[in-house]
1. Do you know which residues across region 479-522 are assigned to a loop (DSSP other than H, G, I, E, B), open to solvent by 30 Å² or more (accessible area, probe 1.4 Å) and more than 30 Å from K439 (Cα to Cα)?
2. Which pairs do you get when a residue that is in contact (Cβ under 8 Å) with a residue 12 or more places away in the chain, found in region 289-314, comes within reach of a residue that is more than 8 Å from the ligand (Cβ to nearest atom) and of a type in the set (F, W, Y), reach meaning Cβ atoms under 7 angstrom, with the pair 6+ apart or on two chains?
3. Collect the residues in region 426-454 that are within 25 Å of the chain's Cα centre (by Cα) and open to solvent by 20 Å² or more (accessible area, probe 1.4 Å), keeping them in residue-number order.
4. Across region 249-272, what is the total count of residues that are in contact with a strand residue (DSSP E or B) (Cβ under 8 Å, 6 or more places away or on another chain), within 28 Å of K4 (Cβ to Cβ), within 11 Å of the ligand (Cβ to nearest atom) and not hydroxyl-bearing (S, T, Y)?
5. Find the residue count for region 273-312, including only residues that are more than 15 Å from the ligand (Cβ to nearest atom) and either buried (at least 24 other Cβ atoms within 10 Å of the Cβ) or among the basic types (K, R) (or both).
6. Can you pull out the residues in region 35-67 that are of a type in the set (A, V, I, L, M) and out of contact with any strand residue (DSSP E or B) (no Cβ under 9 Å at 6 or more places or on another chain)?
7. Taking the residues in region 41-85 that are more than 33 Å from the chain's Cα centre (by Cα) and either within 30 Å of M168 (Cβ to Cβ) or open to solvent by 40 Å² or more (accessible area, probe 1.4 Å) (or both) as candidates, determine which candidate is nearest to the ligand (Cβ to nearest atom).
8. Restricting the search to region 1-25, which residues are assigned to a loop (DSSP other than H, G, I, E, B), more than 9 Å from the ligand (Cβ to nearest atom) and open to solvent by less than 30 Å² (accessible area, probe 1.4 Å)?
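The values are calculated or read from the model by the stated rules, or taken from the named source; none is laboratory data. Everything numeric in this text was worked out from a predicted model, so none of it was measured. Glycine also receives a Cβ, built like all others from the backbone with ideal geometry; neighbour counts cover every protein chain displayed. All accessible areas refer to the heavy atoms of the entire protein, side chains included, with ligands and DNA or RNA removed. Shrake-Rupley method; radii C 1.70, N 1.55, O 1.52, S 1.80 Å.
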Amino acid sequence: MTKKRVVIVGGVAGGATCAARLRRLDESAEIVVLDRGPYVSFANCGLPYYVGSVIQEEAKLLLATPELFRDRFNIEVRTRHEVTAIDRPACDVLVRDLESGRDYREHYDALVLAPGAAPIRSPLPGIDQPGIFTLRTVPDSRVIREWIESRNPHRAVVVGGGFIGLEMAENLAHRGLDVTIVELANQLMPPLDPEMAEYVRQRLAAHAVGLRLGDGVTGFEQAGDGGLVVRTLSGGSFGADLVVLAIGVRPESKLARDAGLEIGALGGIRVDQQIRTSDPRIWAVGDAVEVKNRVTGQWELIPLAGPANRQGRIAADVICGRDSRFKGVQATAVCGFFGLTVALTGATEKVLRTAGIVDFESVYLHPGHHVGYYPGAKPIHLKLVFRRSDGLVLGAQAVGEEGVERRIDVISTAIQMGATVFDLEEAELCYAPQYGAAKDPVNVAGMIAANVVHGDVDLAPWSKLYAADALLLDVREPAEFKAGCLDGAVNIPLGQLRGRMAEVPRDRQIWVNCGVGRRAYYACRLLSQHGFSVSNLSGGFQTYRAWHPEDLVQHGTT
Ligand code: FAD
């Protein structure tokens, strides 16, 4: 029997996983990994922390070496070898040895493309000046470190306020730099819904990170002091001794495109559920491919390590004759900076609207990460998105200091299993006082959403707060009300509501508000059973702060 020869282009997350899995399934296969970089299997995700010196040794980023692949797995890894073309009729790749300049061919029976994605470097005036960096590889991080250590910069501008931009902002601040983030969108962390991103903005402000939202960089100029001036669309200018571009990545699909493989509308390589490209002998995995969003069914680019690893494993399975299938992505992600954790899974409202999906509803809650009576409880700001008609869980976003990622992981798994909000109500989760609550935040989210699906409570839309003609009824205590309330709100504390019901108009819609939504829910149940037309402002005043941070008023009628 002839040995199967598998060539893998790219030897980091998707490629290295695929190679190792192949060997576990097929001891006889010839496996060759080609990577144009100097390392394989390195920890991209750790790079910001190496720049920030949280990780101090570069060697810690290298998870496996070519020698380890050879000795442990009998896999041939050639670093500094770039694949320049695919000759599909001959089943060859054309390779350039970047050290010697030699070009040669490598034959394959199966080819796996795992070339990743390249950081976007827009062709802006002045972008090639020294001091403007992107971060993708170990050498990239080394160059930024060397710049910091040799030049002792004081001011950094990070262009882009997404995951990598925020991680870089924290790590540069950790190195003592004054950091400003310039972000074209009107919010930080664009994958979140805007009101959830408000918590991110507040945390950056508390750590003196400068912020320019809704403004794009137009170019870079040399400043008289040897630094750079970053110019923006709005006419702003920011001095910088170091600039990091974190404005997203573009799939490395050129090889595939040049070889005539199908490319999707977003520029990623198109693969089927078996991670196979339009050529039955070629598979593609990781950041280079387009993936189906499990919730919306739409094609997306989701450059995350988890999907890349899963796809690498599935490609190996299929090459070895197994019928493994990739089920799509939910874009489950987590990011931490300045003590705050932000995590999300599934669809946001933004994503659903873009996909034309209207059958959904969202609830907000702000529980402690564990019971309040045990010291140290920290709030989790949680938004659950679900299908209005049947309660199918569609997505969740959470922000807080503790326990955030655990809740999102549970909800992520629930989405994968096709769970409903009624399943979240019933989820049996760990509880002891220092870890959670007998009614975990996930259960509570399910209960609140289930109330909506059952029709026990109607939700008032925060987005229409001041556009509607509803009476805003605040059922908190007078002291809370005086400390800040919705404009025009009337205060009747929950404990007095039964006795003062005559003051509530019957000919108007009543929108009820409280601290975090619970008292308002009780008030809604009370009033609706007495025939009032009533809706709950989900998540109460805490949610209001996220929707209208600049808009709190100090007056109202008690
Ligand atoms: P990569 O890991 O990028 O590997 C691609 C390899 O292919 C590269 O080594 C490249 O040199 C090589 N290559 C490309 N073209 C060729 C060619 N023609 N010939 C030979 N070799 C080639 N994801 C998370 O889930 N969580 C995180 O916290 C996280 N943090 C991140 C932080 C940073 C700074 C970065 C850059 C990424 C982060 N990611 C994170 C994303 C994650 O690293 C990627 O999704 C993942 O590495 C993608 O795997 P991949 O195999 O598709 O590509």
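1. D487, G488, G499, R500, P505, R506, D507, R508, Q509, listed by residue number.
2. E290/W299; K292/W299; R310/F326; Q311/F326; I314/F326
3. Within region 426-454, A427, L429, Y435, V444, I448 qualify.
4. Selection size over region 249-272: 7.
5. 5
6. L47, V54, I55, A59
7. Here the answer is E76.
8. Correct list: empty.
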